[in-house]
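Engineer: I have a structure I would like to understand better, so I am pasting it below and will then ask my questions one at a time.
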Amino acid sequence: MSEPLIVLDQVSHVFTTRSGQHRAVDEVSLSLEPGKVLCLVGESGSGKTTTARIAAGLTRPTSGTVRFQGADVYRLTGDAFTGFRRAVQYIHQDPYASLNPVRDVFRTLAAPLRRHGLARGGQQARERALELLSEVDLTPPENFLTKYPHQLSGGQRQRVAVARALTLGPRLIIADESTSMLDVSIRISLLNVLQRLRDDLGVAFLFITHDLALAKYFGWHGTTAVMHQGRVVESGPTPQVINDPAHEYTKALLAAIPVPDPDLARRRAARP
Amino acid sequence: MEPILSVRDLAVEYRTATGPVRAVRGVSFDLHPHESLALIGESGCGKTTLGLALLRLLPKLGSTPSGEVLYRRRDGEVVDLLKLDREQLRRFRWSEAAMVFQGSMNSLNPLLRVRDQMRDTVLAHRRMPAAAMQRLAEDVLRKVQLDPGRVLPAFPHELSGGMKQRVLIAMSLLLEPQVLVLDEPTTALDIRTQSAIVDMLHDLREQLGFAMIFVSHDLPLAAELADRVATMYAGRIIELGGVRDIFYRPRHPYTVGLLGAVPSVVGDLPELASIPGGPPSLLSLPPGCPFRPRCGYAQDDCAAAEPTLLGVGAGHTTACHHSDQVVLSRV
């Protein structure tokens, strides 16, 4: 077993609202090794996005620690913090909201490259941008450099968001419902791209979804943690969580997922 | 049994800056009483447009240049919905056929309590004393498993997404329509809420006997809720059959491609593949079969003529020149 890439140790997050304290994340502990997949599954309000933001260094937990490659993320300063920011990238649900509408694809990709000194001059940035676009199957890449988000389809926009996440050579990508707005076929092609990045580049994924079927497909060789009301109620190797769930909540979630098989669906519906 | 809705060669056009775009191109199908028909396909295939056109709910830029939507009223009279005038249409909607829109969040008036929205809907169609109105509203809310005491006085923002969706379904039942058109009835809801809505629609259809057409990109939902399934592509129905035909013996490469991309929680880990490329622009459809550029079965003759729906089994039609070679490789 290799050294974990990121460890969440007993993290909690409490939001203070007018109606009192709301414990959105409640003593969650997770760990993810380099190049592996951890799926975080839960319904709206289960705390999965808050957990992801804590892991990404975006929301300081009320208590608990996050260690990335052994270092406490919320105590990093200077170069070490910059290094963490480069190593962990976040892909949001809605690429229409996460891509700057007045930047074309080239400038979207070149900005982080220049900011972090990874490309000197326009020519280098252009070459790297073309590489990244090929990496996410936007081919021929030359055709995409001058496009603006509104000129792209939903699937293409999300690929640009993935390419942008790759600009800084991340070790961990946090994908927060990144495929939930896409059509079935486009969703699978994006997942296949992500899977290839994991295999070829050794990027680890924290994959957040409400759909256990997607967790099964993307995280079969990794682990899955099921969240409910801020707590991780079950976690383990994905095949075990899906095929042999131990917690009632996981069972209820699995039973609620429609299956693409009419006979099986009717048998399941007939069951009390 | 006589169909309740017969759509014949229906076309829908949108006016755009670059000229008219045909979003639905010659669609024909029948809907029988008590039947549930799913329209499936990727975004932009015309399924929502078709749903809207059936109830004449297209936005101003949309029109129906040709075709018929023949509806058999309760009294047995058959009317072409495309020929109804405004007043006839107003009376038709809600009482003969009702629509449940996608995005329940946006289809309720945020300034009205549920009770008042329901009352407005009923009063637009018939006179009813206040006490009877109250009973009716309570009754439909109970049908969708909501607590009338809590929901009737509530404003939409006080309800969760699932509750709002139930309120919309309850409203669609107020005047006991014969046909319900639902656009993505479970999209954007949590998994367990989705499954509760699906179970509820099953039960309501048993109880009340309406027919329904629902639009969805979610194939598993169609597997659960539909008796018949129509796959749409580039504005046409390209395959139509019983739910078991479509899921077990699809004969159009596009339907096969869609099924090959659906992950499932049951069974072994399947190899999932996406359909290469994207749907064609309706502004410039390729000659011949519009699916040809993405199709693994395409031959030279596919470029020559667009295939029409032909029977491949009892109640099962498909629009593919090479449907005899198409097989679903999934076990």
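Engineer: Of the residues in the range B:231-287, how many are open to solvent by 20 Å² or more (accessible area, probe 1.4 Å), touching a His at 6+ places or on another chain (Cβ under 9 Å) and under 11 Å from B:G41 (Cβ atoms)?
Structural biologist: 0
Engineer: Could you list, in sequence order, the residues of the range A:65-100 that are in a loop (DSSP other than H, G, I, E, B) and more than 24 Å from A:Q124 (Cα to Cα)?
Structural biologist: Filtering the range A:65-100 for residues in a loop (DSSP other than H, G, I, E, B) gives A:69-70, A:76-77, A:92-94, A:99-100.
Within the range A:65-100, A:Q69, A:G70, A:L76, A:T77, A:H92, A:Q93, A:D94 meet the criteria.
Engineer: Anything in the range B:215-240 that is over 21 Å from A:R267 (Cβ atoms), within 13 Å of chain A (Cβ to nearest Cβ) and modelled with pLDDT of 95 or more? List them, or say none.
Structural biologist: B:T231, B:M232, B:Y233
Engineer: Filtering the range B:201-231 down to residues that are of a type in the set (A, V, I, L, M) and over 21 Å from A:P258 (Cα atoms), which residue is nearest to the chain's Cα centre (by Cα)?
Structural biologist: Keep residues of the range B:201-231 that are of a type in the set (A, V, I, L, M), which gives B:201, B:204, B:208, B:211-213, B:215, B:219, B:221-223, B:225-226, B:229-230.
Still in the running and over 21 Å from A:P258 (Cα atoms): B:208, B:211.
Values: B:L208: 19, B:A211: 11 Å.
My answer is B:A211.
Engineer: I've got another one for you. Give the range A:244-265 a look and list any residue that's facing another protein chain (nearest Cβ under 8 Å), assigned to a helix (DSSP H, G or I) and surrounded by 14 or more Cβ atoms within 10 Å (Cβ to Cβ), or say none. If you could, list the steps in order and put the result at the bottom.
Structural biologist: As a first pass, look at the range A:244-265 and keep what is facing another protein chain (nearest Cβ under 8 Å): A:252-265.
If we keep only those that are assigned to a helix (DSSP H, G or I) too, we end up with A:252-256, A:262-265.
Residues satisfying the conditions are A:A252, A:L253, A:L254, A:A255, A:A256, A:P262, A:L264, A:A265.
Engineer: If you check B:E224 against the conditions, is it acidic (D, E) and open to solvent by less than 20 Å² (accessible area, probe 1.4 Å)? Walk me through it before giving the result.
Structural biologist: Values: acidic (D, E): yes; open to solvent by less than 20 Å² (accessible area, probe 1.4 Å): no.
Answer is no for this residue.
Engineer: Tell me whether the range B:79-101 contains one or more residues that are of a type in the set (S, T, N, Q), closer than 26 Å to B:S216 by Cα and open to solvent by 50 Å² or more (accessible area, probe 1.4 Å).
Structural biologist: Taking the range B:79-101 as the starting set, the residues that turn out to be of a type in the set (S, T, N, Q) are B:88, B:95.
From what is left, the residues that are closer than 26 Å to B:S216 by Cα are B:95.
With the extra rule that they be open to solvent by 50 Å² or more (accessible area, probe 1.4 Å), the set shrinks to none.
No, every residue in the range B:79-101 fails to be of a type in the set (S, T, N, Q), closer than 26 Å to B:S216 by Cα and open to solvent by 50 Å² or more (accessible area, probe 1.4 Å).
Engineer: With the condition kept exactly as written, say whether any residue in the range A:173-187 is open to solvent by 20 Å² or more (accessible area, probe 1.4 Å), among the small types (G, A, S) and outside any helix (DSSP H, G or I).
Structural biologist: Yes, because at least one residue in the range A:173-187 is open to solvent by 20 Å² or more (accessible area, probe 1.4 Å), among the small types (G, A, S) and outside any helix (DSSP H, G or I).
Engineer: For the range B:121-212, please list each of the helices (runs of 4 or more DSSP H) lying entirely inside it that holds at least 1 residues being in contact (Cβ under 8 Å) with a residue 60 or more places away in the chain and in contact with a strand residue (DSSP E or B) (Cβ under 7 Å, 6 or more places away or on another chain). Spell out how you get there, then give the answer.
Structural biologist: Numbers: elements: B:130-143, B:148-151, B:161-173, B:191-208.
Passing ranges, in order: B:161-173, B:191-208.
Engineer: Right, here's the next one. Starting from the range A:153-164, take each residue that is at the interface with chain B (Cβ under 8 Å from one of its Cβ atoms) and list its partners that are not in a helix (DSSP H, G or I), counting only C-beta distances under 8 angstrom and pairs at least six apart or across chains.
Structural biologist: A:S153/B:G278; A:G154/A:M181; A:G154/A:L182; A:G154/A:D183; A:G154/B:S43; A:G155/A:L182; A:G155/A:D183; A:G155/B:G278
To keep it simple, each residue is scored yes or no on (1) within 14 Å of chain B (Cβ to nearest Cβ); (2) closer than 19 Å to A:V203 by Cβ; (3) part of a loop (DSSP other than H, G, I, E, B).
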site: A:E3; (1), (2), (3): no, yes, yes
site: A:V11; (1), (2), (3): no, no, no
site: A:T16; (1), (2), (3): no, no, no
site: A:D26; (1), (2), (3): no, no, no
site: A:S29; (1), (2), (3): no, no, no
site: A:L40; (1), (2), (3): no, yes, no
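Engineer: Looking only at the range A:211-220, which residues are touching a Leu at 6+ places or on another chain (Cβ under 9 Å) and not small (G, A, S)? Let's see the steps before the verdict.
Structural biologist: So the first thing to find is which residues in the range A:211-220 are touching a Leu at 6+ places or on another chain (Cβ under 9 Å), and the list is A:212, A:214-220.
Residues satisfying the conditions are A:L212, A:L214, A:K216, A:Y217, A:F218, A:W220.
Engineer: Tell me the strands (runs of 3 or more DSSP E) entirely within the range B:1-67 that contain at least 3 residues that are of a type in the set (A, V, I, L, M), at negative phi and over 12 Å from the mean Cα position of the chain (by Cα). Even if it seems obvious, please write down each step before you answer.
Structural biologist: On the way: elements: B:5-14, B:21-31, B:36-40.
By residue number, B:5-14, B:21-31.
The values are calculated or read from the model by the stated rules, or taken from the named source; none is laboratory data. The structure presented is a predicted model; accordingly, all values stated were derived computationally and were not measured. Backbone-built Cβ (ideal geometry, glycine too); neighbour counts: all protein chains shown. Protein only, heavy atoms only, side chains kept; ligands, DNA and RNA dropped before computing areas. Shrake-Rupley method; radii C 1.70, N 1.55, O 1.52, S 1.80 Å.
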